[in-house]
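Accompanying notes for the structure given below.
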Amino acid sequence: MKTIIVLIFTGITQLAFHAGEAHAESTAVAGLEVTEAYIRTMPPGRTTTAGFLSISNAGEADCQLLNAESSISDRVEFHEHQHADGMMRMRPLPDGVIIPAGETVVFKPGGLHIMLFNITSELEAGEVTQLRFNTDHCGTVQFTTEVRSLLDKPMGGMHH
Ligand SMILES: [Cu+2]
């Protein structure tokens, strides 16, 4: 498994949120586990990228991922791909993603994924960045994402 890293987030919103959630964090460590997390390098001139991972829920209750926070992006969304009229389109999931008890959900190209917007740093393959998921009653999950080259696999239908 990837190392779980505790991040210090700044900003009043995060601090206020964190204060209310602090007691639940140990639950998340016991129940939700993220593995194989990575984000893609960006083509020149772009400030948006996608992230992929596996997340398993070893707990006895479903966990809903409500939102995500990133060390390099101030806006992170859950998206899924959808075929409509012969086109592959992306749809935001404003209600987040449910991870059923005892199951693993895979975020992968062409399916469920994370979108990171407004990235101001250049992403180099091999770097790591930090992400965290905030959940309904399963605390927060913090994890490391590796940056992988865009050239490893085609972006296939990623349009914003
Ligand atoms: Cu997307």
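The values are calculated or read from the model by the stated rules, or taken from the named source; none is laboratory data. Computed from a prediction, not measured in an experiment: that's the story for all the values here. Cβ atoms come from the backbone with ideal geometry, glycine included; neighbour counts cover every protein chain shown. Note: accessible area is taken over every heavy atom of the protein model, side chains too, but ligands, DNA and RNA are not part of it. Shrake-Rupley method; radii C 1.70, N 1.55, O 1.52, S 1.80 Å.
Other residues lying with their Cβ under 15 Å from the Cβ of I72 contribute a combined charge of -2, Lys and Arg counting +1, Asp and Glu -1. Per-residue surface analysis assigns T41 an accessible area of about 20 Å², computed on protein heavy atoms at 1.4 Å probe radius. Here the accessible area is traced with a 1.4 Å probe on the protein chains. For the range 67-120, carbon and sulfur cover 49 percent of it. Converting phi to 3J(HN,Hα) with the Karplus coefficients 6.51, -1.76 and 1.60 and the offset θ = phi - 60°, the range 53-59 yields 5, 10, 9, 10, 10, 8, x Hz in sequence order, with x at every glycine or proline.
Taking R89, R132, R46, R148 and ordering them by how much accessible surface each has at a 1.4 Å probe, largest first, produces R89, R46, R148, R132.
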